[in-house]
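Reading through the structure tokens given below for one structure.
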Amino acid sequence: MATKETKQRGRPRSFDRETALEQAVRSFWERGYEATSISDLTRAMGISAPSLYAAFGDKRALFDEVVAEYGRLYGGFLSRAVAEEPTARRGVERALREAAAEYTLPGRPRGCLVISAALNIPPASAEVADSLREMRLSNVREIAGAIRADIASGELPPDTDAGALAAYTGAVIQGMSQQARDGGERTELEAIAELALKAWPRKTGSEVR
């Protein structure tokens, strides 16, 4: 049987895909999903609209890839902290301090893309908002799971409300992101983190650190 020779159609790609993707990350991070247009993206990425569609698909497909790339390069510190530290409180303390640093790092857009990109999304883009919301809720569930484990081990009092404490922590992180976007400095966000940690219950007869 004769074999068919497969040939690549179209011109070879004339741009670096990873570099273009990084610029797309910054565009969505700065403006959010809805406010970032295709023309904004092509200008930032240095490519034409046909090249964007050929390499990344439509705006929604590109955004999905952007969110994954953001998580790989910049996000994910909360999940890592909760997973790697010995107690939920230690994990959250580390995550809040890292958030204060990450959200205000010079040379980057401020705050968290997963939090800020969901603002002002219309019903027509509800799937985008739902996807970002699920990512945020997933972080809250991870924190709640760690808190429940500490309750079971006696690290936290048995009457600790794991769901409420985890939701409160998620709200603090979201607030820190917005404060950073409003111009808050690292030291100001660290002060918020310190106050938030005081809401955590302490194990009877000892200091939880």
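The values are calculated or read from the model by the stated rules, or taken from the named source; none is laboratory data. Only a predicted model underlies this, so the values are computations on that prediction, with no experimental measurement involved. Reconstructed Cβ throughout: ideal geometry from the backbone, glycine too, with neighbour counts over all protein chains shown. The protein model used for the area step is the full one, side chains on, heavy atoms only, and it has no ligands, DNA or RNA in it. Shrake-Rupley method; radii C 1.70, N 1.55, O 1.52, S 1.80 Å.
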What helix-only [θ] at 222 nm does the chain give? Using -39500 (n - 2.57) per DSSP H run of at least 4, over all residues, to the nearest 500, the answer is -20500 deg cm²/dmol
Two pseudo-spin positions, 7 Å from Cα along C-beta at Ile38 and at Phe15, lie apart in nanometres by 1.3
Here the FRET efficiency for Ala124 versus Arg26, based on Cβ atoms and R0 = 30 Å and rounded to 0.05, is 0.75
Counting only protein heavy atoms and rolling a 1.4 Å probe, one gets per residue an accessible area for segment 120-196 in Å² of 54
Nearest 10, in degrees from 0 to 90: the angle of helix 17-31 to the longest Cα principal axis of the chain is 50
Short to long, in 5 Å steps from zero, the percent of alpha-carbon pairs of the chain per bin is 1, 7, 14, 16, 15, 13, 10, 8, 6, 4, 3, 2, 1, 1, 0, 0, 0
Helix 88-102 sits off the longest principal axis of the Cα atoms of the chain, rounded to the nearest 10 on a 0 to 90 degree scale, by 50
The percentage of the accessible area of segment 18-133 (probe 1.4 Å, all protein chains present) made up of carbon and sulfur atoms, to the nearest whole number, is 51
Scoring only Lys, Arg, Asp and Glu (+1, +1, -1, -1) among other residues with Cβ under 14 Å from the Cβ of Ala95 yields -2
Placing +1 on each Lys and Arg Cβ and -1 on each Asp and Glu Cβ in the chain, then taking the dipole about the Cα centre, the residue among Ile192, Gly57, Val172 whose Cα reaches farthest towards the positive end is Gly57
Longest principal axis of the chain (C-alpha) makes with the long axis of helix 162-181 (C-alpha) an angle, in degrees to the nearest 10, of 50
